[in-house]
Every structure is written in C-alpha cells, then in structure tokens.
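**Q** What follows is a single structure, and I will ask about it in a moment.
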Amino acid sequence: MSFSFWEKEILIGKIDYGIIGCGIVGLNTAINLKLKKPGARVVIFERGFLPNGASTRNAGFACIGSVSELLSDIQIMGEDAVFELVERRYLGLEKLKKRCGEGEIQYEGLGGFEIFGTQDGHNKDQCFEAMEEFNKKLFSITKTEKTYEKLDTKNAFMGMLGIQGAIKNTVEGQINTGQMMERLLKIAKDMGVIIFFGIDIRKIINYNEPRLVLADDEMISVRNLILCTNGFAKDLMPELEVIPARNQVWVTKPISGLKIKGSFHYLEGYYYFRNVGERLLIGGGRHLDKEGETTAEQGETAIIQDGLKDMVENIILPGISYQVEYKWSGIMGLGPTKKPIIKAIEGRTFVAVRMGGMGVAIGSLVAEEVADLVLSYD
Ligand SMILES: Cc1cc2nc3c(=O)[nH]c(=O)nc-3n(C[C@H](O)[C@H](O)[C@H](O)COP(=O)(O)OP(=O)(O)OC[C@H]3O[C@@H](n4cnc5c(N)ncnc54)[C@H](O)[C@@H]3O)c2cc1C
C-alpha cells in the first residue's frame with residue numbers, strides 16, 4: 001500500500017520530532033518538546049492500540065530504592081553513581097506528581113517496605129547496619145533524617161507469616177498506573193501532540209536524516225527521531241546495551257479486611273506486592289528462571305506462576321482465601337548498570353531507554369533530559 005498525497009502531505013505531514021514508543025518516557029518527551037517548541041509538529045508512533053509497554057503494565061510503586069537494592073547496586077556501580085541515581089528517581093517522581101497532580105494519579109504516601117524472611121537473615125543484618133549511613137547520605141535529597149526506619153515485626157507484620165524484620169522507606173508511595181497514563185495521554189493530546197497508534201516501526205534508515213520503515217515497507221521521514229522503546233530497544237537498535245526482562249503480575253479480587261497497606265519488596269526486590277484498594281497486586285519471581293524471563297515476549301510460565309502462588313499463600317495471605325482476577329506480564333529494560341541510556345546516536349537520532357525497572361520513578365526526568373539534548377542540537 002502507498003500513502004495518498006493527502007495522507008502523506010497533511011495527515012502525516014512534516015514531522016519535526018518523531019518519537020517511537022508511547023510510554024512514560026515517550027509521552028513526557030513529547031510534552032517537554034511541545035513546552036519548549038509549541039509550534040513544532042511532535043508525533044509519537046506506538047505499535048499497540050494502547051501504549052502497551054511497561055508503562056501500562058507496572059506495579060505503580062513510587063519508589064527510590066530499598067536498602068538491599070542500594071547495597072547490591074553499590075557493588076556494581078559504586079556509591080556515588082548509586083546515590084546520583086537515587087536522587088534522579090526522587091526528582092523524577094517529583095516531576096511526575098507535579099505534572100499529573102497527586103490526586104489525579106491517586107498518589108498515596110503509604111511508604112515502601114523491605115521485608116526479610118527466614119531465607120535472608122544475613123542480608124537483613126547487613127541492611128540494618130547500612131541504614132544509618134544511607135540516611136545521612138540521603139538527607140540532602142529527601143530532606144528527612146529518617147528516610148529508612150527499622151520496624152518492629154514481632155507480631156505478625158500486617159498479617160504476614162515468617163517476617164523476621166522490616167525497613168520502611170518513609171518517602172515512598174504508590175500510584176494508580178492507569179490514571180497516570182490516562183493523564184499523560186490527555187496532557188500530550190491537549191498540547192497538540194499527535195499519536196499514531198497501531199504503527200509498528202520495523203526499521204530505522206539513516207540516523208542523520210531518519211526514515212521509519214513500516215510493516216508494508218512504506219516510509220515516513222522525521223527531522224529528529226527519539227527512540228523511547230525501553231525493553232524493546234534492541235529490535236530497532238541491536239547495538240544498544242539493553243536486556244529485556246519479563247515480569248509476571250497478578251491482581252486479586254478485593255479481599256475484605258486486607259491488612260497489607262503500602263508497597264513491599266521481598267528477597268532483594270525479586271518479589272514485590274502492594275494493595276490496590278482492597279486488592280493485592282503481586283509480581284516478580286524472576287530469580288526463579290532468569291534465563292526464561294530474559295525475553296521481550298509477553299507470557300506466563302508455570303515456574304513463575306507457582307512462585308507467585310507460593311508467596312501469596314505462605315507469606316502474604318496465610319490461611320486467607322483469595323481469587324486472582326487479573327494476570328499479565330510486562331517487559332522491563334535492564335542492563336549491566338541501572339543507569340538509563342540517554343544519548344545522541346548520530347546526527348538527528350536520539351535514544352532514551354533502559355529505565356532499570358524504575359521508569360515510573362525516573363522516567364519523567366529522563367524525558368526532560370533527552371528533550372533538552374535534542375533541542376541542544378537544533
Ligand atoms: C511488571 C512491571 C512492574 C513494574 N513496576 C514498576 C514500579 O512499581 N515502579 C517503577 O518505577 N517502575 C516499574 N516498572 C518499570 C516501569 O514500568 C518502566 O521502567 C517504564 O514504564 C518504562 O517506560 P518507557 O516509556 O521507557 O517504556 P514502555 O512503557 O515500555 O514504552 C515503550 C513503548 O514502545 C512501544 N514500541 C516498542 N517497539 C516499538 C516499535 N518497533 N514500533 C512502535 N512502537 C514500539 C511499545 O509498545 C511501548 O508502548 C515495572 C515494569 C514492569 C514490566
């Protein structure tokens with residue numbers, strides 16, 4: 001199929017900034033470009049009929065990092081880089097809340113909880129030891145002396161079984177992911193950002209004068225191109241160091257009297273769960289089959305589903321009957337470090353990918369940084 005004169009000249013038109021991917025990063029990048037260049041034609045290309053990357057499929061934790069996560073990241077990235085990243089997550093969340101409105105995205109500052117079971121006693125002691133020092137380092141970011149707080153878990157902690165200790169992150173909270181995306185879509189559309197849904201970009205030709213190849217080999221030219229496809233980045237740019245990581249998620253039917261309130265990390269964050277009103281959301285278990293979950297294909301597997309069931313029945317809701325109402329998967333973009341990739345590739349092509357599983361937190365800031373980078377080349 002070829003485009004008609006009208007389609008090519010008017011409906012597609014001359015695109016100043018073309019963005020591939022309509023997630024948190026793509027939408028915020030478009031909004032930031034429109035804020036600085038209101039007259040520019042900003043177009044997002046999205047292959048789903050809705051945005052269907054991680055941004056509509058995540059857990060909605062507004063988090064900056066648990067103690068065990070920071071300890072493990074320090075081993076890989078070093079202390080300075082880790083605290084810089086924590087600051088960027090914090091700033092990203094502030095920007096998200098400011099842009100969307102806390103009420104509109106149902107932000108609840110219930111706190112983030114890292115809980116330790118019988119399996120990770122050693123880890124627990126290390127975390128308790130590190131807490132004090134981390135609190136001092138984080139003061140300049142969070143402006144509170146007790147970002148992390150040790151909790152008494154002697155009595156069944158929020159109804160859970162076998163919890164040997166817990167650390168509360170007092171500045172963390174949770175959002176309604178669906179509301180956040182609806183809000184960002186509305187802001188972008190109201191500002192005149194054009195979104196073409198159902199358009200799968202197959203290839204990018206010529207990074208200096210970018211042309212996007214569609215499924216039927218038809219092409220669209222853009223003056224500047226920004227790739228915001230996170231976990232799917234390698235499909236279009238195999239040279240990028242981004243590893244897709246699938247996560248499987250459940251949401252139960254409402255459970256009357258659910259005691260879980262807040263966002264929880266267990267086993268160094270490999271399992272995470274929260275309340276969504278009176279429902280329980282749980283995801284993760286990737287450590288059970290890292291190889292199998294290193295994929296950009298959506299899907300469910302018995303090993304992970306069994307892991308989620310085990311967590312719910314033996315730790316989170318012991319003896320409580322529940323029914324799973326929703327099951328889905330989502331794809332994160334990971335890499336050798338958790339630092340996002342924000343760069344100019346060549347000429348007029350840019351990337352903002354690899355959110356390290358924390359794009360709700362850092363995504364709005366990454367989008368601002370890439371928009372500024374693009375404009376600095378104009
Ligand atoms: C299960 C799960 C739970 C998570 N929980 C949290 C959390 O609690 N807190 C947190 O901070 N982060 C969380 N994350 C991570 C967070 O959701 C992501 O980091 C963030 O959404 C990434 O946003 P993005 O815009 O970069 O990418 P995405 O939202 O993945 O958007 C990329 C878009 O690009 C589109 N696309 C890809 N290839 C093409 C192509 N060739 N042509 C056209 N379109 C294309 C996709 O359809 C997709 O819509 C979670 C992720 C998952 C999967």
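The values are calculated or read from the model by the stated rules, or taken from the named source; none is laboratory data. If you're wondering where the values come from, they're calculated on a predicted model, not measured in any experiment. Positions of Cβ are generated from backbone atoms using ideal geometry, with glycine treated the same way; all protein chains shown enter the neighbour counts. Remember, those area values only see protein heavy atoms, side chains included, never the ligands or the DNA or RNA. Shrake-Rupley method; radii C 1.70, N 1.55, O 1.52, S 1.80 Å.
**Q** Helix 177-190 sits at what angle to the longest principal axis of the chain, using alpha carbons and giving 0 to 90 degrees rounded to 10?
**A** Computed tilt is about 20 degrees.
**Q** Under the rule that an exposed site lies in a DSSP loop and has at most 12 other Cβ atoms within 10 Å, name the longest stretch of the chain with no GluC sites (Glu not before Pro) of that kind, not counting the sites themselves.
**A** Details: sites that count: GLU145, GLU239, GLU291, GLU297.
The longest such stretch corresponds to 1-144.
**Q** State which entries of LYS37/LYS290; LYS34/LYS339; LYS146/LYS327; LYS95/LYS343; LYS37/LYS343 exceed 32 angstrom in Cα-Cα distance in the structure shown. Present the calculation step by step, with values, prior to reporting the outcome.
**A** Values: LYS37/LYS290 43 Å; LYS34/LYS339 26 Å; LYS146/LYS327 36 Å; LYS95/LYS343 21 Å; LYS37/LYS343 20 Å.
Exceeds cut-off: LYS37/LYS290; LYS146/LYS327.
**Q** Find the centroid of the Cα atoms in the range 114-173 and in the range 313-356, then give the distance between the two in whole Å.
**A** For the range 114-173 versus the range 313-356, the Cα centre distance is 23 Å.
**Q** OK, next. Please give the Cα centre distance for the range 177-195 versus the range 1-58, rounded to the nearest Å.
**A** So the two Cα centres are separated by 11 Å.
**Q** Over the range 7-114, what is the mean sequence separation of C-alpha contacts under 8 Å (at least six apart), divided by residue count, expressed as relative contact order in percent? The partial results should precede the final answer.
**A** Details: 68 pairs, mean separation 23.1, N = 108.
Here the relative contact order equals 21 percent.
**Q** Another question, then. Using the Kirkwood radius over C-alpha pairs as Rh, can you work out the diffusion coefficient of the range 322-364 via Stokes-Einstein at 37 °C, viscosity 0.692 mPa s, in µm² per second? Write down the numbers at each step before the final one.
**A** On the way: Rh = 12.6 Å.
Estimated diffusion coefficient is 260 µm²/s.
**Q** Could you check the simple spin-label distance between GLN164 and LYS259, using points 7 Å along Cα→Cβ, in nm with one decimal?
**A** According to this spin-label approximation, the distance is 2.0 nm.
**Q** Okay, next question. Could you tell me the calculated FRET efficiency between PHE139 and ASP310, based on Cβ-Cβ distance and R0 = 51 angstrom, to the nearest 0.05? If you can, show how the numbers build up before the last one.
**A** Working: r = 39 Å, r/R0 = 0.76.
Taking R0 as 51 Å, the efficiency between PHE139 and ASP310 is 0.85.
**Q** How far apart, in nm, are two points set 7 Å out from the Cα along the Cα-to-Cβ line at LEU151 and at GLU278?
**A** 2.2
**Q** For GLU102 and MET1, compute 0.36 nm times the residue count separating them, minus their Cα-Cα distance, and round to one decimal in nm. Write out the running numbers ahead of the final one.
**A** On the way: separation 101, 0.36 × 101 = 36.36 nm, distance 4.52 nm.
Separation in residues times 0.36 nm, less the Cα-Cα distance, equals 31.8 nm.
**Q** Please compute the alpha carbon radius of gyration of the chain, then divide it by the globular-protein estimate 2.2 N^0.38 Å. Two decimals is fine.
**A** Working: Rg = 21.3 Å, N = 378, 2.2 N^0.38 = 21.0 Å.
Taking N as the residue count of the chain, the ratio is 1.01.
**Q** What net charge is computed for the residues neighbouring GLY292, neighbours being all others with C-beta under 14 Å from the C-beta of GLY292, Lys and Arg scored +1, Asp and Glu -1? Write down the numbers at each step before the final one.
**A** On the way: positive: ARG246, ARG286, LYS290; negative: ASP289, GLU291, GLU293, GLU297, GLU300, ASP306.
So the environment of GLY292 carries a net charge of -3.
**Q** Still on this structure, I have one more. Taking H placed 1.01 Å from N in the peptide plane, check which residues at least 5 places from ARG279 or on another chain put their amide H under 5 Å from its amide H.
**A** The answer is ILE255.
**Q** Hey, got the Cα dimensions of the range 142-187 along the principal axes, in Å, largest first?
**A** 46, 30, 10
**Q** Distance in nm between label sites at ASP200 and LYS290, each 7 Å beyond Cα in the beta-carbon direction?
**A** 3.1
**Q** Which percent of the accessible heavy-atom area of the chain goes to carbon and sulfur, probe 1.4 angstrom? Write down the numbers at each step before the final one.
**A** Working: 8430 of 16730 Å².
Carbon-and-sulfur percentage of accessible area, whole number: 50.
**Q** Taking the convex hull of the Cα atoms, report for the range 1-152 its projected area averaged over all directions, in nm². It would help to have the intermediate numbers written out before the result.
**A** Working: hull surface 55.2 nm².
Average projection, Cα convex hull of the range 1-152: 13.8 nm².
**Q** By DSSP, what percent of the beta bridges with both residues in the chain are antiparallel, rounded to the nearest 5? Don't skip to the answer; put the middle values down first.
**A** On the way: 46 of 66 bridges.
In the chain, DSSP labels about 70 percent of beta bridges as antiparallel.
**Q** Also: The range 201-308: percent of C-alpha pairs farther apart than 22 Å?
**A** Working: 3011 of 5778 pairs.
Roughly 52 percent, once rounded to a whole number.
**Q** Can you tell me the orientation of helix 79-100 relative to the chain, as the angle in degrees between its alpha-carbon axis and the longest Cα principal axis, to the nearest 10?
**A** The angle comes out at about 70 degrees.
**Q** Counting other C-beta atoms within 10 Å, and keeping those with at most 15, which DSSP coil chymotrypsin sites (Phe, Trp or Tyr not before Pro) do you find in the range 15-95?
**A** Values: sites: TYR17, PHE45, PHE49, PHE61, PHE83, TYR90; in loops: PHE49.
Those that pass, being in a loop and sparsely packed, are PHE49.
**Q** For a quick check of your reading of the filter: which trypsin sites (Lys or Arg not before Pro) in the range 264-344 sit in a DSSP loop and have no more than 11 other Cβ atoms within 10 Å? Before the final figure, lay out the partial values.
**A** Details: sites: ARG274, ARG279, ARG286, LYS290, LYS309, LYS327, LYS338, LYS343; in loops: LYS290, LYS338.
Passing sites in the range 264-344 are LYS290.
**Q** If the viscosity is 0.890 mPa s and the temperature 25 °C, what translational diffusion coefficient in µm²/s does Stokes-Einstein give for the range 120-166 when Rh comes from Kirkwood over Cα pairs?
**A** Values: Rh = 11.9 Å.
Result for D is 206 µm²/s.
**Q** Using only the alpha-carbon atoms of the range 253-378, report the extent along each of the three principal axes, biggest first, to the nearest angstrom.
**A** 61, 31, 24
**Q** Give me the percent relative contact order of the range 243-301, please, defined on Cα pairs under 8 angstrom at least 6 residues apart.
**A** Once normalised by length, the contact order is 44 percent.
**Q** Something else about it: Near the amide H of ILE226, under 5 Å away, which other amide H atoms are found, from residues 5 or more places off or on another chain, if H is placed in the peptide plane?
**A** GLY18, ILE19, ILE20, PHE350
**Q** Also, I was wondering about something else. Give me the number: length gained by fully extending GLU300 to THR118, i.e. 0.36 nm times residue separation minus the C-alpha to C-alpha distance, one decimal in nm. If you can, show how the numbers build up before the last one.
**A** Details: separation 182, 0.36 × 182 = 65.52 nm, distance 2.77 nm.
Computed gain between GLU300 and THR118 is 62.8 nm.
**Q** Mind jotting down the three principal axis lengths of the range 67-172 based on Cα atoms? Whole angstrom, largest first.
**A** Computed over the range 67-172, the largest-to-smallest principal extents equal 41, 34, 23 Å.
**Q** Please work out how much accessible surface PHE197 shows to a 1.4 Å probe, ignoring ligands, DNA and RNA, in Å² rounded to 10.
**A** Surface open to solvent at PHE197 totals about 70 Å².
**Q** Further question on the same structure: Could you calculate the FRET efficiency of SER321 with VAL251 from 1/(1 + (r/R0)^6), where r is the beta carbon distance between them and R0 is 25 Å, rounded to 0.05?
**A** Numbers: r = 16 Å, r/R0 = 0.64.
E(calc), rounded to 0.05, equals 0.95.
**Q** Below 8 Å, C-alpha to C-alpha, sequence gap of six or more: please give me the relative contact order for the chain in percent.
**A** Over the chain, the number comes to 25 percent.
**Q** Report the extension gain between ASP217 and ILE10 in nm, rounded to one decimal, defined as 0.36 nm multiplied by the number of residues separating them, less their alpha carbon distance.
**A** Contour length minus the Cα-Cα distance gives 72.5 nm.
**Q** Continuing with this model, one more query. Counting heavy atoms of the protein chains only and a 1.4 Å probe, report the per residue accessible area for the range 180-297 as a whole number of Å². Present the calculation step by step, with values, prior to reporting the outcome.
**A** Values: 5060 Å² over 118 residues.
Dividing the accessible area of the range 180-297 by its residue count gives 43 Å².
**Q** Could you state the angle between the C-alpha long axis of helix 359-376 and the longest principal axis of the C-alpha atoms of the chain, as a value from 0 to 90 degrees rounded to the nearest 10?
**A** 30
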